[in-house]
Amino acid sequence: MIIDMTEAEIQAINSFSRSESLKEVYGLIWIFVLIFTFILGITIGVLVIVWLEREISAAIQQRIGPEYAGPLGILQAIADGTKLVFKEDLLPSRGDIRLFSAGPSIAVISVLLSYLVIPFGYHLVLSDLSLGVFLWISISSIAPIGLLMSGYGSNNKYSFSGGLRAAAQSISYEIPLTLCVLSISLLSNSSSTVDIVESQSKYGFWGWNLWRQPIGFVVFLISSLAECERLPFDLPEAEEELVAGYQTEYSGIKYALFYLASYLNLLVSSLFITVLYLGGWNFSIPYISEFFGINKMTGVFGITIGIFITLAKAYLFLFIPITARWTLPRLRMDQLLNFGWKFLLPISLGNLLLTTSSQLIYL
């Protein structure tokens, strides 16, 4: 069967195929631009946290802090990262090299995936899933596996003890944290991070879950500090006991990945506290938001304001874990586990039952 086509039809088919291929190319370029912007934003966020921690720590201890690398020392973290990148990457001669090399990557990737469900605005979220907060919890539970692999692959008793501590600590404090998130989901009638923020915006400043779930907020805060392994919960790398814990045998870029993962995790926890308890991108301060109409702004300016408000709340909240590092003493391992299982778990479970009862009453 022979199909006769005119020259005009052939040209139309060729132009259509060219336009489709151009659309595919533009789509790939747009994906790479989004990934680059995402990674650049996270990198800048981590650099700001490092600088903030050093400046606040210096102020608490009455020191000067970083001041030579760039104006006000803002380039000190870049200098440290560059130094670690060019250091020699040492491998333990009798360790498991595959586990030793895969551990830091798993720790970083599991934290990076958590940013998929964090909303910075109403339409500014990489993936608005119906089970967004529980996706974050399930992904964050992978990180201790990487730490355990690092400790086991190092063939070092200090590293292995640190890996075991990291796994035990994560399991102990992830259960209360999950129960607090479940209480928020019941209160908001959704597990989507965008819906949770929207449910808080209905009643303005007093609609924040901070006021409706004060017990859950305190438990979530303590559990998130333990998940980030911040003082007083930094038992997996306690220098007085374990040299550096699971990081003892690491150097160069692999050690830098652990350093990066800890600050990424801290930023993720602060952003989720902002989303779950502090109203997210909504500027809900009475009278001011109504006078300027901040929450009604749309377009590029509205998106910019939403990003700024979310990051401002998150970074203001970071003062709590930073100051706690230089204020509270480190717990013993038995005290840490007892506090998680015997204190936080019953309180979070009681808070969940109380929230469930109140929701059933209002049905």
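The values are calculated or read from the model by the stated rules, or taken from the named source; none is laboratory data. Here the structure is a predicted model, which means the values were calculated and not measured. Cβ coordinates were reconstructed from backbone atoms using ideal geometry, including for glycine residues, and neighbour counts include every protein chain displayed. We work out accessible area using only protein heavy atoms, side chains counted, and drop any ligands, DNA or RNA first. Shrake-Rupley method; radii C 1.70, N 1.55, O 1.52, S 1.80 Å.
Looking at (1) part of a helix (DSSP H, G or I); (2) open to solvent by 40 Å² or more (accessible area, probe 1.4 Å); (3) more than 30 Å from residue 32 (Cβ to Cβ); (4) not assigned by the TED database to the domain that holds residue 198, find the lone condition where residue 52 falls short.
It fails just one condition, (2).
Based on what the data block shows, is residue 164 in contact with a Leu (Cβ under 9 Å, 6 or more places away or on another chain) and either in contact (Cβ under 8 Å) with a residue 24 or more places away in the chain or open to solvent by 20 Å² or more (accessible area, probe 1.4 Å) (or both)?
So residue 164 fits the description; yes.
Considering only residues that are of a type outside the set (A, V, I, L, M, F, W, C) and crowded, with 20+ Cβ neighbours inside 10 Å, look in segment 104-114 and name the one that is nearest to residue 276 (Cα to Cα).
Applying the filter and picking the extreme gives 114.
Restricting to segment 74-103, what's the tally of residues that are open to solvent by less than 50 Å² (accessible area, probe 1.4 Å), among the acidic types (Asp, Glu) and under 24 Å from residue 155 (Cβ atoms)?
The total comes to 0.
Are any residues in segment 140-153 hydrophobic (A, V, I, L, M, F, W, C) and crowded, with 19+ Cβ neighbours inside 10 Å, and if so, which ones?
Residues satisfying the conditions are 143, 147, 148, 149.
Keeping to segment 119-145, report how many residues are within 22 Å of residue 257 (Cα to Cα) and either of a type in the set (A, V, I, L, M) or assigned to a helix (DSSP H, G or I) (or both).
Residues meeting the conditions: 9.
Do we have residue 128 as modelled with pLDDT of 85 or more and open to solvent by 60 Å² or more (accessible area, probe 1.4 Å) here?
Criteria not met by residue 128.
If you scan segment 167-207, which residues turn out to be free of Cβ contacts under 8 Å to residues at least 60 places away in the same chain and more than 30 Å from residue 332 (Cα to Cα)?
185, 188, 189, 195, 199, 202, 203, 206
Suppose the filter is without any contact (Cβ under 8 Å) to a residue 12 or more places away in the chain, out of contact with any Cys (no Cβ under 9 Å at 6 or more places or on another chain) and open to solvent by less than 50 Å² (accessible area, probe 1.4 Å); does residue 312 pass it?
yes
Quick check: anything in segment 95-113 more than 20 Å from residue 261 (Cα to Cα) and within 16 Å of the chain's Cα centre (by Cα)?
no
Just to be sure I understand, how many residues within segment 60-73 are of a type in the set (A, V, I, L, M) and either in contact with a His (Cβ under 8 Å, 6 or more places away or on another chain) or open to solvent by 80 Å² or more (accessible area, probe 1.4 Å) (or both)?
Qualifying residue count for the region: 2.
Answer yes or no: is there a residue in segment 221-230 that is in contact with a helix residue (DSSP H, G or I) (Cβ under 6 Å, 6 or more places away or on another chain), of a type in the set (Ser, Thr, Tyr), in the same structural domain as residue 322 (by the TED database) and open to solvent by 30 Å² or more (accessible area, probe 1.4 Å).
No, segment 221-230 has no match at all.
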